[in-house]
Amino acid sequence: MVGLGNPGDRYTGTRHNVGFDVVQAFAHKAAGGPPRLDRLDCRALTGRVKVGDRPVIVARPQTYMNASGESVKGLAAKYDVGPERLIVVSDDTALPVGTIRLRRSGSSGGQKGLQSVIDCFGTNAIPRLRLGVRGENFQLGEPIDTYVLSRFSKKERPAVDGAIASACDALTVFVTEGIDAAMNRFNRLPEEDPAN
């Protein structure tokens, strides 16, 4: 399980680092307390947690976003994990804040870290979970690179926190039941009632 982001305090809390935030929260929940994601392995900070009886390696590449694939490919090779058993968590400016989307495969949608992963593996058949980071103040034509390095507003924070919690639940379903079950359960708008 890989969360994409940029290392360093300068990027903490930015829209682009929401992938880091999700895997940190997932590991905290799985470990039942603050997880240890501090082992440097294949240029990523990693840790191990268990979901039921299933071991999960959680990683945050330290290569900077645009070279994330190098770290992810190294980890996959070291631990003999095929791309279908990975899940990459990233931000997405095409989705509004508070939205999550899971996909089994597809394009990067312009997300450079996800594109790096696709390029390094030579396939786009890599499960991914995307969190919406497009706020109401996003302007069409605004440079995406600048926007994703901005922080969430106080008004956006409850929706972001809710999306992170939903993402953690979706990742648990991915680990225990697979990508199809996770997509069926979690690919809906935040205000949709799951009973409908």
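The values are calculated or read from the model by the stated rules, or taken from the named source; none is laboratory data. Since this is a predicted model, take the numbers as computed values, not measurements. We place every Cβ from the backbone using ideal geometry, glycine too, and count neighbours over all the protein chains shown.
In table form, for the structure just shown:
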| quantity | calculated |
| --- | --- |
| Filter result for T172 (of a type in the set (S, T, Y) and at pLDDT below 95) | no |
| Hits in region 45-74 (condition: within 18 Å of D119 (Cα to Cα), among the aliphatic types (A, V, I, L, M) and touching a Lys or Arg at 6+ places or on another chain (Cβ under 8 Å)) | M65 |
| Number of positions in region 111-149 that are assigned to a strand (DSSP E or B) and of a type outside the set (A, V, I, L, M, F, W, C) | 4 |
| Scan of region 91-135 for residues that are buried (at least 18 other Cβ atoms within 10 Å of the Cβ) and closer than 23 Å to P55 by Cβ, ordered by number | L102, V117, I126, P127, R128, L129 |
| Number of positions in region 40-57 that are of a type in the set (V, I, T), touching a strand residue (DSSP E or B) at 6+ places or on another chain (Cβ under 8 Å) and farther than 18 Å from G8 by Cα | 3 |
| Count of region 150-175 residues which are part of a helix (DSSP H, G or I), among the charged types (D, E, K, R) and over 26 Å from Y64 (Cβ atoms) | 1 |
| Those residues of region 30-55 which are within 17 Å of L86 (Cβ to Cβ), part of a strand (DSSP E or B), among the aliphatic types (A, V, I, L, M) and free of Cβ contacts under 8 Å to residues at least 40 places away in the same chain, in sequence order | L45, V49 |
| Matching option when the condition is surrounded by fewer than 18 Cβ atoms within 10 Å (Cβ to Cβ), out of contact with any Ser or Thr (no Cβ under 8 Å at 6 or more places or on another chain), closer than 24 Å to S153 by Cβ and basic (K, R), among R10, R36 | R10 |
